[in-house]
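Reviewing the structure listed below.
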Amino acid sequence: MRSVIPGGLLLAIEGIDGCGKSSIALSLAQYCGEHGVRCVVSKEPTSVGPGAELRKSAATGRLSLEQEYSYFLADRSAHVERTIRPALAEGSIVLLDRYYWSTAAYQGIRGMDPLAILADNERFAPRPHGVLLLDLTPEAGLTLIRKRGDVPNTFEALNDLMRIREVFLHVHASTTYGHIIDATVPLRDVQTAALHIFLSIARQAAGASAEAEREFFQIPKAVE
Ligand code: TYD
């Protein structure tokens, strides 16, 4: 596997529960794999330390906002040091299934200022080159969760999801590196849109070295 972007690329995939983040991360990783390009897919909350505690709390009862917030930050900080920075240092493309926009949205609706949450995170977590915000209504998201055979967890009441979606859109409007993708269309079309945006972000990050890797950075004919 080779690197096509010196310094690596950090891309976060965000959206409400059921929007299809994992499938999109997988399809982008597959594109990288097919081109022999180094790529790491990771997920927050992680499954170790405070991340594991947070996952447990989704089933057994929410923590207080203060506790929850500090656990998400501690989990992210460890994730940044253990996985994200080392992968970027070796020139990998790093695809994150949730990152700090999720904190802004999910903890934001519990009463914190979403933009202050971004600022807290940017003190220790690298800003992504791009965020793909998979946007759909909470009703559509819950339908997709149930279709997968999953049961929505306690983070996912419909009214909350509506507010979470609003905060995601607000964060998108307040920053310059996010891209909204309509996630209500068939998965194949969401994948195509995500690939287009991913490649244009990657091309920009690669700068002059994109010339030598035309085959990777060109939008494949089949999906145009
Ligand atoms: P997870 O089980 O990974 O769900 P999904 O597959 O939908 O991503 O979910 C973790 C839950 O944690 C999800 O409902 C969103 C929430 N979350 C926060 O509240 N704050 C955060 O900073 C992050 C990363 C996730």
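Express the C-alpha Rg of region 1-130 as a ratio against the empirical globular expectation 2.2 N^0.38 Å, rounded to two decimals.
On the way: Rg = 15.0 Å, N = 130, 2.2 N^0.38 = 14.0 Å.
Here the Cα radius of gyration is 1.07 times the empirical estimate.
Isolated cysteines of the chain, defined as having no other cysteine beta carbon under 4.7 Å away, are Cys19.
Measuring max minus min along each principal axis, the C-alpha atoms of region 58-119 give extents of 38, 27, 16 Å (largest first). What net charge do the residues around Ala29 carry, taking every other residue with its C-beta under 11 Å from that of Ala29, with Lys and Arg at +1 and Asp and Glu at -1? Taking every other residue near Ala29 into account, the sum is -1.
Sort 89-102, 162-175 by packing, meaning the average of other beta carbons within 10 Å per residue, with the highest value first.
On the way: 89-102: 21.8, 162-175: 17.4.
Final packing ranking: 89-102, 162-175.
Could the peptides 43-56, 7-20 be put in order, highest first, of the mean number of other beta-carbon atoms found within 10 Å of their residues? Walk me through the numbers before you get to the answer.
Working: 43-56: 16.5, 7-20: 24.3.
With the highest mean Cβ count within 10 Å placed first, the list reads 7-20, 43-56.
Can you name the helices of the chain, as whole DSSP H runs, whose Cα span along the helix axis is 27 Å or more and whose Kyte-Doolittle mean is not below -1.0?
Numbers: long enough: 187-206 (28 Å, 0.61).
TM-like helix candidates: 187-206.
For region 157-196, the solvent-accessible area works out to 53 Å² per residue, with a probe of 1.4 Å and every protein chain left in place.
Placing +1 on the Cβ of every Lys and Arg and -1 on the Cβ of every Asp and Glu, with no other charges, gives the chain a dipole of roughly 340 debye about its Cα centre.
Computed from point charges on the beta carbon alone (+1 for Lys and Arg, -1 for Asp and Glu), the dipole magnitude for region 174-224 about its Cα centre is near 20 Debye.
Treating each Cα of region 60-171 as one equal point scatterer and applying the Debye formula with no solvent, the log10 of I(q)/I(0) at q = 0.13 Å⁻¹ comes out as -0.56. Only lysine pairs 8 or more places apart or on separate chains count here, and in the chain those with Cα atoms under 22 Å apart total 5. Applying D = kT/(6 pi eta Rh) to the chain, where Rh is the Kirkwood radius over alpha-carbon pairs, T corresponds to 20 °C and eta to 1.002 mPa s, the Stokes-Einstein value obtained is 120 µm²/s. Calculate what fraction, in whole %, of the accessible area of region 94-224 sits on carbon and sulfur atoms when a 1.4 Å probe is rolled over the protein chains. Roughly 54 percent, rounded to a whole number.
Viscosity 1.002 mPa s, temperature 20 °C: what is the translational diffusion coefficient of region 163-224 from Stokes-Einstein with a Kirkwood Rh over Cα pairs, rounded to a whole number of µm²/s? Before the final figure, lay out the partial values.
Details: Rh = 13.5 Å.
Rounded, D is 159 µm²/s.
The values are calculated or read from the model by the stated rules, or taken from the named source; none is laboratory data. Note that the coordinates shown come from a computational prediction; the quantities given were computed from them, not determined experimentally. All Cβ positions, glycine included, derive from the backbone under ideal geometry; neighbour counts span all protein chains shown. Surface accessibility is based on the protein's heavy atoms, side chains included, excluding ligands, DNA and RNA. Shrake-Rupley method; radii C 1.70, N 1.55, O 1.52, S 1.80 Å.
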